[in-house]
Each structure stands twice: as C-alpha cells, then as structure tokens.
Amino acid sequence: MQLVVARIGRAHGIKGEVTVEVRTDEPELRLAPGAVLFTDPASAGPLTIETGRVHSGRLLLRFEGVADRNAAEALRNTLLIAEIDPDELPEGEDEYYDHQLIDLDVVTRDGTEIGRITEISHLPSQDLFIVERPDGTEVLVPFVEEIVTEIDLEEQRAVIDPPPGLIDDRAEIASSRDEA
C-alpha cells in the first residue's frame, strides 16, 4: 500500500536542499535519512533521503543525486510516497490512515444513512471527509471529535452527530435583529 507522506516545496540554498510540506503524523519514521520514496510524477523518483533537518520550523530534505539548486527546484510540487504494509496501523488509538477511512459508510447516531467517504481533504486547520450521498451529491464533514463520534473499522462505518445545516437545510440562523 502506498501513502503520500510529503510534498516537495521550493529549493532552499544552493546545495540541493528542499522544503517539504509534511503529510504524515510520523515524519521521523517516513522521512528519515536512508528512506526510499516513490514519487508522483513517477519520472522524478524514486528518491532516497540523504539528510534531513529542521530550519525555522520547516523540514528541509536533501536527496541522493540532487546536488544543486536547479536539480532541487526541478522537484518542486513532487509528491513523496512511502510503501507501507497494508496491515500496519498508526501508533495512536484514534488515528487512521486515509485508506482505512475511504469507502466507510457514514451514518448519523440514529442510523440514518448519509453516504460513503470517497476522499479525505487535508486542510491546515482540520481534515474533511468528502462524502458521496446516494443521490450523487457530495457533503463535506469536518473530521473533528464533536461531529465524527465513532469510527468502526469492523463494521466499516463512521458515525456522525452533525449540527443543523451541515447535511441538510435545517440551519438555525441567529440574528440580533430578530430581538427588536
């Protein structure tokens, strides 16, 4: 099974280092020196990490065979992909890999079927489930504890407790003008 673990950003300096946007909760494991990573586009790799360091809060990597700024800049926006055992689970109890969540049925606490998770969108502030409803429309569900109350991998379902307006048009609009 393959997991996207990072995206290469801009070149840093003149010796082939690049900034990376980390997309894994386990960078010390997946982005360690010696790790061999596949790439998207595939023509850019595979890449072997030579060195890694943190500078001003950003992870910088250098790859074997990438010795100058031009070669590093040519890798910009390349996705780094790690090969993992499909049975491997994240270390944390409430942590999941995307492949474990894709295709889960999404239901409300009372059992109402909402749809199926087709994609996970990783945003800076939180992750979103992109849920395809039976009619083909999509709904975005924030992957936060207050809304996603249970992930049951054995039953292949995610239980949600959506606030009004998230999956229907029952939004409650509060306005101070109504009090007058």
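Worth a mention:
- Of residues in segment 97-127 being touching a residue at least 12 places away in the same chain (Cβ under 8 Å) and among the hydroxyl-bearing types (Ser, Thr, Tyr), the one nearest to residue 145 (Cα to Cα): 108
- Condition check for residue 81: in contact (Cβ under 8 Å) with a residue 12 or more places away in the chain, touching a Leu at 6+ places or on another chain (Cβ under 9 Å), farther than 19 Å from residue 166 by Cα and assigned to a strand (DSSP E or B): yes
- Qualifying positions in segment 1-24 - open to solvent by 20 Å² or more (accessible area, probe 1.4 Å), under 19 Å from residue 97 (Cα atoms) and assigned to a strand (DSSP E or B): 2, 3, 4, 7, 21, 22
- As a summary of the residue check, residue 44 satisfies the conditions (1) small (Gly, Ala, Ser); (2) out of contact with any helix residue (DSSP H, G or I) (no Cβ under 7 Å at 6 or more places or on another chain); (3) modelled with pLDDT of 90 or more; (4) farther than 26 Å from residue 138 by Cβ except for the one numbered (3).
- Count of residues meeting criterion [out of contact with any strand residue (DSSP E or B) (no Cβ under 8 Å at 6 or more places or on another chain), under 15 Å from residue 8 (Cα atoms) and surrounded by 13 or more Cβ atoms within 10 Å (Cβ to Cβ)] in segment 25-64: 1
- Filtered by the rule that a residue be in a strand (DSSP E or B), closer than 11 Å to residue 80 by Cβ and touching a residue at least 24 places away in the same chain (Cβ under 8 Å), segment 25-58 gives 37, 38, 39, 40, 47.
- For segment 94-104, the criterion of being open to solvent by less than 50 Å² (accessible area, probe 1.4 Å), part of a loop (DSSP other than H, G, I, E, B) and either in contact with a helix residue (DSSP H, G or I) (Cβ under 6 Å, 6 or more places away or on another chain) or under 20 Å from residue 27 (Cβ atoms) (or both) is satisfied by at least one residue.
- Some residue of segment 110-118 being among the aliphatic types (A, V, I, L, M) and open to solvent by less than 80 Å² (accessible area, probe 1.4 Å): yes
The values are calculated or read from the model by the stated rules, or taken from the named source; none is laboratory data. Just so you know, these numbers come straight off a predicted model, no measurement behind them. No Cβ is skipped: glycine too gets one built from the backbone with ideal geometry, and neighbour counts run over all protein chains shown. For the accessible areas, the whole protein counts, side chains as well, though only heavy atoms, and no ligand, DNA or RNA atoms are used. Shrake-Rupley method; radii C 1.70, N 1.55, O 1.52, S 1.80 Å.
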